[in-house]
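Everything below concerns the one structure shown next.
Here, each number is a calculation from the coordinates, and none is a lab measurement. Quantities reported herein were computed from a predicted structural model and do not represent experimental measurements. Heads up, the Cβs are rebuilt from the backbone with ideal geometry, glycines too, and the neighbour counts pull from every protein chain shown.
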Amino acid sequence: GQSLEQPSEVTAVEGAIVQINCTYQTSGFYGLSWYQQHDGGAPTFLSYNALDGLEETGRFSSFLSRSDSYGYLLLQELQMKDSASYFCAVRDKNNAGNMLTFGGGTRLMVKP
Amino acid sequence: DAGVTQSPTHLIKTRGQQVTLRCSPKSGHDTVSWYQQALGQGPQFIFQYYEEEERQRGNFPDRFSGHQFPNYSSELNVNALLLGDSALYLCASSSLLAAYEQYFGPGTRLTVT
């Protein structure tokens, strides 16, 4: 099976940089995705890493190290609207379909 | 372009009853997955449908069943409801070529009393 670990809560101030880590255990691996979910809302796709290295999309970047089974989401120039839950998710090679296994989520609180 | 839509938004049922939830995928997507999300937790995969067949199933009992129609829309049925089935039920659609990027609907909040 698969398991993912991420911190339950992170607090940061507006304008700062925050890193949300994710470690995973899986017997096969396609890639690591990140999703954002505001309270009462649906998860929305942020980024995907299939290969090692950094992927940058605006203020958000995501990193993957396959050898370390580790990834992180980096949020820069934090804004109040970034307060949300962030989930890492893996799609592994043992699955015939598009099944995603999600971590428990990290609740980010951005303070003024 | 309409995204993923789900109905109903909220639902209250009594233990032992049956419920049907509905989902229309994003235009151009042929694969629909269903997830259960308990409060404060990550979504848990229930099953996935492609070409009207259940392609993959998570660790959920047979009380959970589904269907996909020729227009790619899908239904999730839950029989013999338990209090523990109270959760947010999310539908996600994707294409096989971009399986890592799933588009989620707003969800159906099911409360079992």
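Annotations for the structure displayed:
This table checks each residue for (1) under 25 Å from residue B:113 (Cβ atoms); (2) part of a strand (DSSP E or B); (3) facing another protein chain (nearest Cβ under 10 Å).
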| residue | (1), (2), (3) |
| --- | --- |
| B:3 | no, no, yes |
| B:20 | yes, yes, no |
| B:23 | yes, yes, no |
| B:28 | no, no, no |
| B:35 | yes, yes, yes |
| B:41 | yes, no, yes |
| B:54 | no, yes, yes |
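- Sole residue being part of a strand (DSSP E or B), out of contact with any helix residue (DSSP H, G or I) (no Cβ under 6 Å at 6 or more places or on another chain) and either free of Cβ contacts under 8 Å to residues at least 40 places away in the same chain or of a type outside the set (Phe, Trp, Tyr) (or both), chosen from A:51, A:74, A:78: A:74
- When residues of segment B:75-111 are limited to those that are aromatic (Phe, Trp, Tyr) and within 8 Å of chain A (Cβ to nearest Cβ), the one nearest to the chain's Cα centre (by Cα): B:104
- For segment B:60-107, a residue qualifies if it is crowded, with 18+ Cβ neighbours inside 10 Å, in contact with a His (Cβ under 7 Å, 6 or more places away or on another chain) and within 11 Å of residue B:21 (Cα to Cα), and exactly one does: B:74.
- Subset of segment A:10-35 [more than 11 Å from chain B (Cβ to nearest Cβ) and over 13 Å from residue A:66 (Cα atoms)]: A:10, A:11, A:12, A:13, A:14, A:15, A:16, A:17, A:18, A:19, A:20, A:21
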